[in-house]
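One structure is given here, and the rest of the page talks about it.
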Amino acid sequence: AEQVIFNHIHTGASSDFRNATKIAQEMVMIYGMDENIGMVSYLERRKISSETKREIDLAIKSILDICYKKAVSMLTKNKAKLKKLAKELLEKETLDSEAVKNILKIK
């Protein structure tokens, strides 16, 4: 959201990036959710070749790049709703799920 609104990512997003990286890493290394690497779990393996480590890193980066682009696209398309939600949060500090649904016009 910071990228869409301010055209800049602040250091506060670092926790989000760490969490996203952890999830992508689990997708690739535990659940086999990469076409190139396949349905292999690398969690228990002690010795992984440098080539395989590179493939794992590239798969993780690919997942993160795709998800980041989708998030930016969704936030850009819904920028007005994002601004309205931010305004309400500044005014009220907290919003319950019903208030968020009403602001975003979600049924």
Enumeration of residues in region 82-107 that are more than 22 Å from the chain's Cα centre (by Cα) and exposed (fewer than 11 other Cβ atoms within 10 Å of the Cβ): 90, 91, 92, 93, 94, 96, 98, 105, 107
Which numbered condition trips up residue 45, out of (1) in a helix (DSSP H, G or I); (2) out of contact with any helix residue (DSSP H, G or I) (no Cβ under 8 Å at 6 or more places or on another chain)? (1)
Which of the residues that make up region 24-36 are open to solvent by less than 100 Å² (accessible area, probe 1.4 Å), more than 11 Å from residue 57 (Cα to Cα) and among the aliphatic types (A, V, I, L, M)? 27, 30
Small (Gly, Ala, Ser), surrounded by 14 or more Cβ atoms within 10 Å (Cβ to Cβ) and out of contact with any Leu (no Cβ under 9 Å at 6 or more places or on another chain): does that describe residue 59? yes
Take the conditions farther than 18 Å from residue 67 by Cβ and acidic (Asp, Glu) and apply them to residue 44. Does it pass? yes
Yes or no: residue 52 open to solvent by less than 50 Å² (accessible area, probe 1.4 Å), assigned to a helix (DSSP H, G or I) and polar (S, T, N, Q)? yes
Name the single residue, out of those in region 32-59 being over 21 Å from the mean Cα position of the chain (by Cα) and of a type in the set (Asp, Glu), that is nearest to residue 20 (Cα to Cα). 44
Going by the structure shown, is residue 7 surrounded by fewer than 11 Cβ atoms within 10 Å (Cβ to Cβ), polar (S, T, N, Q) and on the phi > 0 side of the Ramachandran plot? yes
Checking residue 12 against (1) farther than 30 Å from residue 87 by Cα; (2) loosely packed, with under 10 Cβ neighbours inside 10 Å; (3) modelled with pLDDT under 90, only one condition comes out false. Which one? (1)
If we keep only residues of region 69-81 that are surrounded by 14 or more Cβ atoms within 10 Å (Cβ to Cβ) and within 22 Å of residue 19 (Cα to Cα), then the residue nearest to the chain's Cα centre (by Cα) is 71
Cross-chain or 6+ apart pairs with Cβ under 6 Å, region 15-27 first and modelled with pLDDT of 95 or more, then open to solvent by 60 Å² or more (accessible area, probe 1.4 Å): 27/33
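The values are calculated or read from the model by the stated rules, or taken from the named source; none is laboratory data. All figures in this text were calculated on a predicted structure; none of them were measured in a lab. Quick reminder, even Gly has a Cβ in these numbers, built from the backbone with ideal geometry, and neighbours come from all protein chains shown. Remember, those area values only see protein heavy atoms, side chains included, never the ligands or the DNA or RNA. Shrake-Rupley method; radii C 1.70, N 1.55, O 1.52, S 1.80 Å.
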